[in-house]
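Enquirer: One structure, pasted below without further comment.
The values are calculated or read from the model by the stated rules, or taken from the named source; none is laboratory data. Source: prediction; values computed, not measured. Don't worry about glycine lacking a Cβ; one is built from the backbone with ideal geometry, like all the others, and counts go over all protein chains shown. Just the protein is used for accessible areas: all its heavy atoms, side chains included, with ligands, DNA and RNA removed. Shrake-Rupley method; radii C 1.70, N 1.55, O 1.52, S 1.80 Å.
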Amino acid sequence: MTRKSILVVDDMLSIRTVIASLLRSSGHKTMEAGSGDLALQLMRSNSFDLILSDWNMPGLTGAQFVSAIRAKDSVIPVIMVTAEANRECFMEMKRIGVSGYILKPFKPQAILDLVDKIFALPKKL
């Protein structure tokens, strides 16, 4: 597998650390951001192959963060990591172009499986 660059965005340090460590242990390069605003700053000077983001964050929410990404980059895959399991949330994720989601609490293998699935999809133009 080609080493991919992944941005992990979550306001909870413990969740961010677990996900980033998991991805690094499977051979990926990761960067972390504790907010959507910081993540957007990192995206100005770094290129990422995938973003994993929390849905509920103070300040810029996951939905607002993804909308800001989509305004500039319509093809980068985004996986939401969320405790929200309601129809409205899933409909909003679909509307803004989320590539997939993982429900908290998650099993580490579920994240790795979804990341592999996203990278196996054909690239959008």
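Enquirer: In the list Arg24, Arg16, Arg3, which residue meets the criterion of being open to solvent by 70 Å² or more (accessible area, probe 1.4 Å), part of a helix (DSSP H, G or I) and either in contact with a helix residue (DSSP H, G or I) (Cβ under 6 Å, 6 or more places away or on another chain) or without any contact (Cβ under 8 Å) to a residue 60 or more places away in the chain (or both)?
Expert: That would be Arg24, the only listed residue that is open to solvent by 70 Å² or more (accessible area, probe 1.4 Å), part of a helix (DSSP H, G or I) and either in contact with a helix residue (DSSP H, G or I) (Cβ under 6 Å, 6 or more places away or on another chain) or without any contact (Cβ under 8 Å) to a residue 60 or more places away in the chain (or both).
Enquirer: Now for a different question. Which one is surrounded by the most Cβ atoms within 10 Å (Cβ to Cβ) among residues in segment 27-48 that are of a type in the set (A, V, I, L, M) and part of a helix (DSSP H, G or I)?
Expert: Ala39
Enquirer: Can you name the condition, by its number, that Ile76 falls short on among (1) in a loop (DSSP other than H, G, I, E, B); (2) open to solvent by less than 50 Å² (accessible area, probe 1.4 Å); (3) in contact with a Gly (Cβ under 8 Å, 6 or more places away or on another chain)?
Expert: If we test Ile76 against (1) in a loop (DSSP other than H, G, I, E, B); (2) open to solvent by less than 50 Å² (accessible area, probe 1.4 Å); (3) in contact with a Gly (Cβ under 8 Å, 6 or more places away or on another chain), just (3) comes out false.
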